[in-house]
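For reference, the structure discussed in these notes is given below.
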Amino acid sequence: MNEIPTKPYLLRALFEWCVDNGYTPHLAVKVDSRTQVPQEYVKNGEITLNISPNAVHKLQIGNEVVEFSARFGGVARQLSVPITNVYALYARETGHGMTFDVDGPKAGVQPKAESESVRDPKLPVIKPPSQLPVPASTPEPPKKPSGGKPNLRRIK
């Protein structure tokens with residue numbers, strides 16, 4: 001019997017945490033042939049999507065795929081993203097969230113620090129906010145002053 005990966009469960013929990021705290025959850029995705037997103041918003045093979053309840057319709061974060069519909073330039077589109085292509089889910093306002101290794105042949109290879117060389121590959125990787133993508137999907141409401149640069153931190 002194959003064990004279900006923890007990644008979809010972590011994504012659902014992070015999404016719920018963002019919404020419960022009034023934050024805007026963003027999903028960062030590596031785009032490939034299995035990813036159904038508006039190609040005109042893809043940059044360098046990646047896209048960041050606002051998945052807040054007021055930006056999407058019928059959001060389903062399953063064990064294999066994230067599916068929802070959203071408006072881009074006023075046009076409703078159906079999106080489908082394999083869980084394996086998701087490399088981050090974080091709160092726009094604070095930068096808190098998690099990044100993940102992307103499975104598959106096109107996964108980005110990052111040099112590992114010496115301390116990471118013995119890291120369990122099944123666990124998510126926490127990266128600094130400077131490596132998080134800038135949202136480029138749906139129009140955002142005006143930003144509230146946050147008083148500084150967001151930091152990505154471990155959620156305990």
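Please treat every number below as a calculation from the coordinates, not as lab data. What you are looking at is a predicted structure, and each value in this text was computed from that prediction instead of being measured. Cβ placement follows ideal geometry from the backbone for every residue including glycine, while neighbour counts extend to all protein chains displayed.
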Taking Cα atoms of the range 3-96, Rg/Rh with Kirkwood Rh, to two decimals? 0.94
Using alpha-carbon positions, what is the distance between the centroids of the range 7-47 and the range 62-77, in Å? 10 Å
Relative contact order %, the range 1-95, counting alpha carbon pairs below 8 Å whose residues are six or more apart: 35 percent
Could you sort 23-32, 53-62 so that the peptide with the highest average Cβ count within 10 Å comes first and the rest follow in order? 23-32, 53-62
For the pair Tyr9/Arg34, report the inter-label distance in nm, with labels modelled 7 Å from Cα in the Cβ direction. 2.1 nm
